[in-house]
Amino acid sequence: MITNKSKSVKQISQDYYDEFIDNLNLNSLACPNDGCGHHDFVRHGFYERTIKFMDYSIRLRILRVKCKACGSTHAILLDCMVPYSQLSLNIQEIIIACDHIGDFEEYMDSNTDLDESNFYYVKNQYRKHWKQRLLSMGISLADALVEQCFFYFSRQFMQIHCMHNILI
């Protein structure tokens, strides 16, 4: 996976993602596959993915690129996306910061795509996979989580699967 550190955007749209992809120089990217690091990619295809934000959900067509040297494929994501999750990074950070389900009910009321199962799933995944990691490195939820997690763990905050991921 290749994750782009994007500037703050009020609302992600397919047009925004497409414009980002059109302006991306694929040869400036290094293959995140262990031992590869080549800079020779071709567009390999797309897949669709739904991403839930605080007040809307969107179905995006995500680009996959293929490294000509090693043959591995990688999705191009924005930093607001957590690999293998439909919930945006922002929603997951809000859920983790909530002490009880009652603290999250206001957000669930404003977005009918969110429910209690999302709350409990994220809380459980955080406790199981991320809480100790952050504590061990002295990282707080108030820190720049994206940059810190890529620096120390080579993956996006709340990315559960141990797949190769780089931040560009």
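Tabulated values for the structure
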| read-out | value |
| --- | --- |
| Peptides 160-166, 79-85, 132-138, 62-68 ordered by average Cβ neighbours within 10 Å, highest first | 79-85, 62-68, 160-166, 132-138 |
| Entries of Lys10/Lys131; Lys52/Lys123; Lys10/Lys68; Lys10/Lys128 with Cα pairs more than 25 Å apart | Lys10/Lys131; Lys10/Lys68; Lys10/Lys128 |
| Net dipole in debye of region 14-64 [+1 Lys, Arg Cβ; -1 Asp, Glu Cβ; about Cα centre; nearest 20] | 220 |
| Overall dimensions of the chain by Cα: Rg and Dmax, Å | 16.5, 51 |
| MRE, 222 nm, helices only [DSSP H, n ≥ 4, -39500 (n - 2.57), over the chain, to nearest 500] | -9000 deg cm²/dmol |
| J(HN,Hα) series, region 132-147, from Karplus relation 6.51 cos²θ - 1.76 cosθ + 1.60, nearest Hz, glycine and proline x | 5, 4, 5, 4, 5, 9, x, 9, 9, 5, 7, 6, 6, 4, 4, 5 |
| Percent of beta bridges antiparallel (DSSP, the chain, rounded to nearest 5) | 70 |
| Of all accessible heavy-atom area on region 21-168, the percent that carbon and sulfur account for (1.4 Å) | 47 |
| Mean accessible surface per residue for region 1-137, computed with a 1.4 Å probe while every protein chain stays in place, in Å² | 55 |
| About the Cα centre, charge dipole magnitude for region 75-164 (Lys/Arg +1, Asp/Glu -1 at Cβ), debye | 660 |
| Relative contact order of the chain, pairs being alpha-carbon contacts under 8 Å that are 6 or more residues apart, as % | 25 |
| Loop-resident sites, region 1-58, for trypsin sites (Lys or Arg not before Pro), counting at most 13 other Cβ within 10 Å (DSSP) | Lys5, Lys7, Lys10 |
| Extension reserve of the Ser136-Lys5 stretch, reckoned as 0.36 nm per residue once the Cα distance is removed | 44.7 nm |
| Per-pair calculated FRET efficiency, R0 = 35 Å: Glu106 and Asp18 via Cβ, rounded to 0.05 | 0.60 |
| Charge dipole (debye, nearest 20) of region 1-158; +1 at Cβ of Lys and Arg, -1 at Cβ of Asp and Glu | 780 |
| Tensor-based shape of region 67-151 (alpha-carbon gyration tensor, a/c under 1.5 rounded, otherwise prolate or oblate) | oblate |
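The values are calculated or read from the model by the stated rules, or taken from the named source; none is laboratory data. Worth saying up front: this structure is predicted, and the values here are computed from it rather than measured. Ideal geometry is used to build each Cβ from the backbone, glycine not excepted, and the neighbour counts take in all protein chains shown. Note: areas computed on protein heavy atoms with side chains; ligands, DNA, RNA excluded. Shrake-Rupley method; radii C 1.70, N 1.55, O 1.52, S 1.80 Å.
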